[in-house]
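**Student:** Shown below is the structure under consideration.
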Amino acid sequence: MNKLIYGVAYYPEYEHENRIDKDFEMMQKADINTIRIAESTWSTWEPLEGEYDFSILLKTLDKANEYDLNVIVGTPTYAVPAWLVKKDPDVLATTENGRGLYGPRQIMDITNMTYLEACENIIRKMMEAVQDYECIIGFQIDNETKHYGTAGKNVQDMFKTYLINKFKTVENLNNLFGFRYWSNSIATWDDLPDVLGTINGSYAAEFELFQRQLAANFLLWQRHIIDEYRRDNQFVTHNFDFFWKKDALAPFGHSFGVQPGINHLEASKATTLLGCDIYHPTQDDLTGAEIAYDGDSIRSLRNEQYLVLETQAQAFRYWTPYPGQLKQQALSHLASGALGVEYWHWHSIHNSFETYWKGLLSHDMEENAVYREACEVGEIFKNISHHILGAYKRNDVALIVDNRSQTALKYFPVGDKEDEPDAQYLSYNDITRAYYDALYEQNIECDILDVEALKDSTLDYKMIVTPALYVATEETISILRRFVEEGGVLLSSFKSFFVDENVQVRQAKQPYNLTDVFGMYYQQFTRPGKTKLCGEPVDVWAELLIPDKDTDYVMYEHKYWGNYAGITRNKYKKGSAIYIGCWCAKKVLKDEIRNAAEIANIRIESNQFPIVIRNMTGKDGNVLHFIFNYSENENIVICSYNSAIDILTGKSYSAGDNIIMSDWGTVILMERLEIA
């Protein structure tokens, strides 16, 4: 790849008139160099079983060749045609809500043989039709794949086989899952209860682990088919998405945290180029945090650059970007390690569910303010490609995420159950994002590692952060102990190290097998009520920590809970361990994280949010500093580099110079390294 990818999802099959030439001319004007096509319209390519019509697809590819556009072709398997469901109604998944009704996308059982046979047929026929086109640079397998909650009889039969292979005997399963509770124990494997009705968190969590494996295997299966046709210089990617959170920032939802429906690390084995979809708040709520978190998550899977296959251009009324924000958003993706950005989508559609999820073009299909700013972005991408391609990040901090802890905390929530009236509730992603954001807003960059990647990466970091690592194996605990013993800094939150991999609480003081490392233990937790910590309110959850005599600590401020600590800081062998035992105020959390980073001898920027600084090293060895002003107000940053040049404007800076940051502005400084 010799240039940054700048692209759009393109659906000429949705248009009411033939305007491919006009569309491609407008794309060329904007320096858009890539289109992604075909992934959403199986019923267009195969209107009846075994009858194929790729005429629109091939015409698009012919025109792409003519206009020198690169193309990513998607396999169209995430939205099934009506004839397939008519042939076999079991194509639709049975979930905790019953059998799905035809209409929406992503409602199929990805293990159903009728569905899989039809998938293979359409993939092979499509690949046969397109494989000779030179303009195709890669293939996207499926779209935002997850397990979709599939839990019908065939899936549960497969789960039974999985359990037999893993646990060997029903006695072992009964013991590890605590099935004796409420007479749930089984005498034979055929007595396994329907998982949709279970009250056993261990059983339910194991099933969700199994479901995530189904999703990963589905992608790998598609990859093997594509490999039979693709050339060596064509990549295979997938647009991994994230937990979708609906809140005041985005009532329809936005990308927020760890995706519960598939394990990204496991599923990434199906790709040769990492990819993702990132949708985020904009306007007054644009902070860059979602862009950074999601990008850091994907990049850290293999510590390599990735492609943003979908992000918004206009979308909803609360995402219509202010002037300058489209440019800032695009550059924010690059700062996390992206090698390209593609908008969903090129033009707003005129019918059906996503009519008002607007594309780069509005419904009139003409130039507009956002398109004109996209032209500026295209010019920038063209000019800085040689600086960004091949760049890499080396961070001193790792934040650990874990699907198993996420699942377990759904069944054993922090606080109340989410749907209870006036609930005090924290989700796994609420906690994880709070710890990430506290790093991000202080310009302490981090990698985001799946807990399974710890064994390969631990010694590369100075500091490890474990928010709500509720499920912890003996191996994980041993790795973290060794990390601290050898000089690392470990910072952990409440609800960490509580249960084993079977979601069974250990009969020991908490945090399990780390009480000496943290220099404390606890036996009780409580609703905080009027409790404060460092003068700030504590909410939802508080563990009553009992520190050792030589441990540094911060006590709760409360008539009764004031006999216990809320934070402990302990020196253990060559390293240090900090434990935050409650849902504390953001200021308190940021202070503890900053103190931990200082103990770890991590360089800390004097600038803090809304000034955000992200760093990477180019393949030529030059260090790039992305400086963002996520604010409607102008700000000034003092240059801390001896000699640097803004690769966007060519302006030079020296240490002590004022860098004027316009509203929603970005500067990318290339540091000129002094050669002795």
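**Student:** Return only the number of the condition from (1) touching a Pro at 6+ places or on another chain (Cβ under 9 Å); (2) in a helix (DSSP H, G or I); (3) not hydrophobic (A, V, I, L, M, F, W, C) that S40 does not satisfy.
**Tutor:** So the condition that S40 fails would be (2).
**Student:** Determine which single condition E485 fails, assuming it passes every other condition in (1) of a type outside the set (S, T, N, Q); (2) surrounded by fewer than 19 Cβ atoms within 10 Å (Cβ to Cβ); (3) out of contact with any Gly (no Cβ under 9 Å at 6 or more places or on another chain).
**Tutor:** Every condition holds for E485 apart from (3).
**Student:** If you check V554, V588, which single one turns out to be modelled with pLDDT of 95 or more, of a type in the set (V, I, T) and not in a helix (DSSP H, G or I)?
**Tutor:** Only one candidate qualifies: V554.
**Student:** Moving on to the next point. Do any residues in the range 510-536 that are within 22 Å of H558 (Cα to Cα) have Cβ atoms under 6 Å from those of residues that are assigned to a loop (DSSP other than H, G, I, E, B) and hydrophobic (A, V, I, L, M, F, W, C), where the two are at least six apart or on different chains, and which pairs are they?
**Tutor:** Within 6 Å, the pairs are P528/V538; T531/V538; L533/C584; E536/A585.
**Student:** Filter the range 78-91 for residues that are farther than 20 Å from A38 by Cα, in contact with a helix residue (DSSP H, G or I) (Cβ under 6 Å, 6 or more places away or on another chain) and outside any loop (DSSP other than H, G, I, E, B) and give the result.
**Tutor:** Within the range 78-91, the subset farther than 20 Å from A38 by Cα is 85-91.
Checking the rest, the ones that are also in contact with a helix residue (DSSP H, G or I) (Cβ under 6 Å, 6 or more places away or on another chain) come to 85, 88, 91.
Passing the criteria: V85, V91.
**Student:** Go through the range 392-424 and give me each residue that's surrounded by fewer than 18 Cβ atoms within 10 Å (Cβ to Cβ), among the hydroxyl-bearing types (S, T, Y) and within 19 Å of E208 (Cβ to Cβ).
**Tutor:** Y411
**Student:** What tally of residues in the range 368-420 results from selecting those that are in contact with a Leu (Cβ under 7 Å, 6 or more places away or on another chain), small (G, A, S), under 30 Å from S492 (Cα atoms) and at pLDDT 95 or above?
**Tutor:** Total meeting the criteria: 2.
**Student:** Regarding the range 300-307, can at least one residue be identified that is part of a helix (DSSP H, G or I), assigned by TED's automatic domain parsing to the domain that holds F381, small (G, A, S) and under 21 Å from K246 (Cβ atoms)?
**Tutor:** no
**Student:** OK, next. Return the only residue of L58, L69, L101 being out of contact with any helix residue (DSSP H, G or I) (no Cβ under 6 Å at 6 or more places or on another chain), among the hydrophobic types (A, V, I, L, M, F, W, C) and surrounded by 16 or more Cβ atoms within 10 Å (Cβ to Cβ).
**Tutor:** L69
**Student:** Can you report the number of residues in the range 195-222 which are over 21 Å from the mean Cα position of the chain (by Cα) and in a helix (DSSP H, G or I)?
**Tutor:** Qualifying residue count, the range 195-222: 11.
**Student:** I've got another one for you. Take N165 and decide whether it is in a helix (DSSP H, G or I) and either in contact with a Gly (Cβ under 7 Å, 6 or more places away or on another chain) or over 26 Å from L48 (Cβ atoms) (or both).
**Tutor:** yes
**Student:** List the helices (runs of 4 or more DSSP H) that sit entirely inside the range 416-530 and contain at least 2 residues that are in contact with an Asp or Glu (Cβ under 9 Å, 6 or more places away or on another chain) and on the phi > 0 side of the Ramachandran plot.
**Tutor:** none
**Student:** For the structure I just gave you, tell me whether M113 is under 13 Å from E39 (Cα atoms) and either without any contact (Cβ under 8 Å) to a residue 12 or more places away in the chain or surrounded by fewer than 20 Cβ atoms within 10 Å (Cβ to Cβ) (or both).
**Tutor:** Judged against the criteria, M113 is not a match.
**Student:** For the structure I just gave you, tell me whether D157 is closer than 28 Å to L101 by Cβ and charged (D, E, K, R). Full working, then the answer.
**Tutor:** Values: closer than 28 Å to L101 by Cβ: yes; charged (D, E, K, R): yes.
Yes.
**Student:** While we're looking at this one, here's another question. Give the residue that is surrounded by the fewest Cβ atoms within 10 Å (Cβ to Cβ), with candidates limited to residues of the range 224-249 that are farther than 13 Å from K146 by Cα and charged (D, E, K, R).
**Tutor:** D232
**Student:** Restricted to the range 454-470, and to residues that are over 18 Å from Y522 (Cβ atoms) and at pLDDT 95 or above, which residue is surrounded by the fewest Cβ atoms within 10 Å (Cβ to Cβ)?
**Tutor:** Only one residue fits best here, namely K462.
**Student:** A further question follows. Among the residues of the range 557-579, write down those that are part of a loop (DSSP other than H, G, I, E, B) and touching a residue at least 12 places away in the same chain (Cβ under 8 Å).
**Tutor:** Answer for the range 557-579, where residues must be part of a loop (DSSP other than H, G, I, E, B) and touching a residue at least 12 places away in the same chain (Cβ under 8 Å): H558, Y564, K573, K574.
**Student:** Filter the range 331-365 down to the residues that are more than 24 Å from H16 (Cβ to Cβ) and without any contact (Cβ under 8 Å) to a residue 60 or more places away in the chain, then identify the one that is surrounded by the fewest Cβ atoms within 10 Å (Cβ to Cβ).
**Tutor:** Selected residue: H333.
**Student:** On to the next question. Determine, yes or no, whether I225 is in contact with a helix residue (DSSP H, G or I) (Cβ under 6 Å, 6 or more places away or on another chain), part of a loop (DSSP other than H, G, I, E, B) and either farther than 18 Å from D142 by Cα or outside the structural domain of V499 (by TED's automatic domain parsing) (or both).
**Tutor:** no
**Student:** Can you tell me how many residues in the range 269-290 are touching a strand residue (DSSP E or B) at 6+ places or on another chain (Cβ under 6 Å) and in a helix (DSSP H, G or I)?
**Tutor:** Within the range 269-290, residues that are touching a strand residue (DSSP E or B) at 6+ places or on another chain (Cβ under 6 Å) and in a helix (DSSP H, G or I) number 1.
**Student:** Please verify whether L274 is crowded, with 20+ Cβ neighbours inside 10 Å and of a type in the set (A, V, I, L, M), treating the condition exactly as stated. Quick ask: steps written out before the conclusion?
**Tutor:** Working: crowded, with 20+ Cβ neighbours inside 10 Å: yes; of a type in the set (A, V, I, L, M): yes.
In short, yes.
**Student:** Yes or no: P537 surrounded by fewer than 23 Cβ atoms within 10 Å (Cβ to Cβ), closer than 16 Å to S492 by Cα and in the same structural domain as A472 (by TED's automatic domain parsing)? Quick ask: steps written out before the conclusion?
**Tutor:** Working: surrounded by fewer than 23 Cβ atoms within 10 Å (Cβ to Cβ): yes; closer than 16 Å to S492 by Cα: no; in the same structural domain as A472 (by TED's automatic domain parsing): yes.
So P537 fails the test.
Here is a yes/no grid of residues against (1) touching an Asp or Glu at 6+ places or on another chain (Cβ under 7 Å); (2) farther than 17 Å from Q222 by Cβ:
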| position | (1), (2) |
| --- | --- |
| Y52 | yes, yes |
| S55 | no, yes |
| N70 | no, yes |
| V73 | no, no |
| D88 | no, yes |
| N112 | yes, no |
| C119 | no, no |
| I123 | no, no |
| F139 | no, no |
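**Student:** How many of the residues in the range 394-429 are touching a residue at least 60 places away in the same chain (Cβ under 8 Å) and among the acidic types (D, E)?
**Tutor:** 2
The values are calculated or read from the model by the stated rules, or taken from the named source; none is laboratory data. These numbers come from a predicted model, not from an experiment. Every residue, glycine among them, receives a Cβ derived from its backbone with ideal geometry; neighbour counts consider all protein chains shown.
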